[in-house]
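Right, one structure below, let's go through it.
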Amino acid sequence: MKISGPFHKPAESISRGLVYWPIASLAYASVPFIFHLSWRGSLFICLLILWRVYLEFRRLNLPSSWITAPLVIPFLAILLAEHHTIFGEEAGTLFLIGLLSIRLLELHTVRDYMITCITCYFLVVVSLLFAQGIIMSVYLFTAILLVTVSLIHLHMGSNLRASFRPALRLGMKIVVPALPLALFAFVFFPRFQGKLTLEYHSIKIGVQDSLEAGNIAQMKKDNRLAFRVEFANDQCPVSGELYWRCFVLNTTDGWRWWNGSKNRQMTGFKERPGLKYTQNITLTPQVQRWMVALDYPITIPTGALMCEGQILKNNLYGASKRQYTVVSQPEQRPQDLSPETQRRCLMLPRTLSPLVKRLVGRWKTKQKPPEALATEALRFFRDHQFIYTLDPEPVEGQDALVDFLFRQRAGFCEHYATAFAILMRTAGVPARIVTGYMGGEYNPYGRFYAIRQDHAHAWCEIWIQNKGWVRMDPTAVLAVKNPTPKALLHAAQQGMSVEGQASSLPSPRPSLWRQPAWWTKLSRAPRLWWELAEIQWNRWVVGYDRHSQEKLFKHLGMTQFRWLAVLAAALGGTAVSGALAAAWLKRQGKKADHLRRSYETFCSNLAAAGVKRKKWEGPCDFTRRAALAFPLQAEQIRRIGLQYTRLCYGTSPTEKALVKELTARIKKLGIPKAPVN
């Protein structure tokens, strides 16, 4: 039954040419989510959008609700199969975009058009939950501009070619003046520290809290940024000592490692002589709640805990971006060796091969200190021509260690760390594995180190009486050219230069293609400049919190202030900005009034000559009728009507030159006292 009556207004349909604009707005606003959503959901959404474009292009009828409504069922099936819920950042965003895509198949009224565009504004805000970089910010600005232009097109008509430039120009006049107001609100509006945390389930950056075959190798193929480090006063260690510890693993089943002890909290350390390195670290969102620090941290950042093994745990922000300062001292080795820790660090796999026991037994013919036993293990790797590769043959199961030591003899850092730790435990030396990062790329323009996923590394620590836990990196000895016991032990403890690491390690096969040196040198400078821009963006925009705001206010001379006063100032600034915007709009309105007054003068002149404009008559109809009444002035009247229509409806009425030209034409128009019958 149709509803009728004086209060019922039927839905106003839109022309076919306008439908492309909300489709383009939704597609453009959904692009940032493609990299975070499941491929099945993204494919489903893309097919729906292409279907709607096809219907519009072929001018076919829209499907009925009997067809569009059942589409929700397979969409929900995909959503629940991937995320098991419709709530959360990823699932909720996919649910919203999917419903909007289905709604596109029914879009044919002005109300549908406006709902789609307004929801696209909301999608732009949601995009900031996934990325907040420079490129994303510029992209979202263009998305806001596109949605605004789409709304302008709704009021300008369907002639795409004739109205695109005016709509774009008007959209820029709306969006660009809002940027200073947004900047003012961003800087001065009070930053309240809340307890809202966002869990990024799709984050895959960071070291895992366990070590299995292939974990480090997968990270080596990923060059995304893990964190950045700035050293205070440019005082930093040599590149070979850049070991960034993250996890300490003391329990194993032979090939998999994890931390089996409770994370006992540590408090402070006694001051020791030696160099100290102060690091300002900016973490990207991590998959774990642990924080990195240079060997060995002696201070605890705000909101963090220091656990056994001198590893830092993020106690506040979960997976969010974090900036903190920590002080490290290479001489401050971990000294913790409780009975529980010693038991776990001597634990051997149940199925340890007799070949491994006989190998270690030859080293223990005499009572040797731990350093000598470690040197024997390192010499075994060096003398038996072990090679470094990220693509070794799979070695798993109970015989994995035997296959690596006596048959394959090829692997990467986690293979060597696992083998070395078990060999040391077999020899009666407590040993454990540390995972984190090694090295980093120095940026001379910003004076910071960029540590990426492909800098991930695993090494060992052995317990030596009166020294504590001493670092041993068995991978580093593969590049030693003079394999003396002293050189091997020094390489394992001090590492090697980052620059020479990749080229010095023996490889089973040479690279098939290498970038030319000139291209590497040419592309390095722009990349480093871009990284500097990103770190400044993260520091002053993404990381702009209450503490940063207080520092800025103090720098501006506002040493004593209250948040209520700051809030009042922010609201006052917003009111002033609004008043300036209102004054500008009023000025623009006066310019539009000048156009209207010129047209009223034109209509009054024609009315005095006997042709009066009727109330329902538009400029096109009126000038057409007036041209018939005055044949001698018909061409001039038509031009005046056409120019007024273009100024009033096709372009902005604030173009002074065109308005003045129209006024001059109206004054020059000679109309007789009475029309010709």
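The values are calculated or read from the model by the stated rules, or taken from the named source; none is laboratory data. Since the model is a prediction, treat every value here as computed from it, not as a measurement. With ideal geometry, Cβ positions are generated from the backbone for all residues, glycine too; neighbour counts draw on all protein chains shown. All accessible areas refer to the heavy atoms of the entire protein, side chains included, with ligands and DNA or RNA removed. Shrake-Rupley method; radii C 1.70, N 1.55, O 1.52, S 1.80 Å.
Within segment 457-468, the set of residues being of a type outside the set (A, V, I, L, M, F, W, C) and surrounded by fewer than 23 Cβ atoms within 10 Å (Cβ to Cβ) comprises Gln465, Asn466, Lys467, Gly468.
For segment 333-348, enumerate the residues that are modelled with pLDDT under 80 and open to solvent by less than 10 Å² (accessible area, probe 1.4 Å). If the condition is that a residue be modelled with pLDDT under 80 and open to solvent by less than 10 Å² (accessible area, probe 1.4 Å), then Pro334 is the only one that fits. Is at least one residue of segment 304-316 surrounded by fewer than 17 Cβ atoms within 10 Å (Cβ to Cβ) and touching a residue at least 60 places away in the same chain (Cβ under 8 Å)? No, segment 304-316 contains no residue that is surrounded by fewer than 17 Cβ atoms within 10 Å (Cβ to Cβ) and touching a residue at least 60 places away in the same chain (Cβ under 8 Å). Every test in (1) open to solvent by 20 Å² or more (accessible area, probe 1.4 Å); (2) closer than 30 Å to Thr325 by Cα; (3) not in a helix (DSSP H, G or I) is passed by Asp454 save one, and that test is (3). Note on segment 107-141: residues that are open to solvent by 50 Å² or more (accessible area, probe 1.4 Å), of a type in the set (Val, Ile, Thr) and over 17 Å from Ile34 (Cα atoms) total 3. Of all residues in segment 35-66, those being without any contact (Cβ under 8 Å) to a residue 40 or more places away in the chain, among the aliphatic types (A, V, I, L, M) and more than 14 Å from Ser101 (Cα to Cα) number 1. What do you reckon, is Val429 open to solvent by less than 20 Å² (accessible area, probe 1.4 Å), β-branched (Val, Ile, Thr) and either more than 43 Å from the chain's Cα centre (by Cα) or modelled with pLDDT of 90 or more (or both)? Considered against the rule, which asks whether it is open to solvent by less than 20 Å² (accessible area, probe 1.4 Å), β-branched (Val, Ile, Thr) and either more than 43 Å from the chain's Cα centre (by Cα) or modelled with pLDDT of 90 or more (or both), Val429 comes out as yes.
What tally of residues in segment 405-417 results from selecting those that are closer than 18 Å to Val470 by Cβ and not aliphatic (A, V, I, L, M)? So the answer is 2.
Filtered by the rule that a residue be modelled with pLDDT of 80 or more and open to solvent by 80 Å² or more (accessible area, probe 1.4 Å), segment 355-378 gives Lys357, Arg358, Arg362.
Taken over segment 600-621, the criterion of being assigned to a helix (DSSP H, G or I) and crowded, with 20+ Cβ neighbours inside 10 Å is satisfied by Phe602, Leu606. Looking at Tyr445, Tyr449, just one residue is under 23 Å from Glu331 (Cα atoms), open to solvent by 10 Å² or more (accessible area, probe 1.4 Å) and not assigned by TED's automatic domain parsing to the domain that holds Pro369, and that residue is Tyr449.
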